[in-house]
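The values are calculated or read from the model by the stated rules, or taken from the named source; none is laboratory data. Just so it is clear, the structure is predicted and the values come from calculations on it, not from any experiment. When we count neighbours, we look across all protein chains shown, and the Cβ atoms used for this are built from the backbone with ideal geometry, even at glycine.
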């Protein structure tokens, strides 16, 4: 055996990252809020997330090993779902994770027999709008002054919907 042979045999294959979903738990809040605060000028607060948990909203977190990749918060209504928050960790943006989160949202919405997913997105957030359009959402309206910009200014929101396929 040559010296290089032993070295090659001693190498272990790299462990595959573990991708997993979880519902939001109280002990996840610090990690979630760290991401939320990096991503938004007007982030949700700890209280907003706790209230959402108390209301029974769907709050799904996507992890790679112990790192939070992203999450969504959705509210179930009669025959519809309203996406309230969807966020990808800045360290994982531009890698397709928004689509993974939207696919999980779509699967959950179908499981609760929703026919439509609704959302609002900042009118100026063209990147997010493009992601939603590519996924199959359509712009259907405008909410004037929906999002805060400063204590004096507000930004309009595009209202978008996704029609889920009717299952037989």
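The set of residues in the stretch 57-88 being farther than 21 Å from residue 161 by Cβ and without any contact (Cβ under 8 Å) to a residue 12 or more places away in the chain consists of 66 alone. Residues in the stretch 125-168 that are under 18 Å from residue 88 (Cβ atoms) and outside any strand (DSSP E or B): 125, 126, 127, 128, 129, 130, 131, 132, 133, 134, 135, 137. Checked against (1) over 19 Å from residue 55 (Cα atoms); (2) in contact with a strand residue (DSSP E or B) (Cβ under 8 Å, 6 or more places away or on another chain), residue 105 passes all but condition (1). Here the helices (runs of 4 or more DSSP H) wholly within the stretch 1-120 that include at least 2 residues being at pLDDT 95 or above, under 23 Å from residue 132 (Cβ atoms) and touching a helix residue (DSSP H, G or I) at 6+ places or on another chain (Cβ under 7 Å) are 29-39, 97-111.
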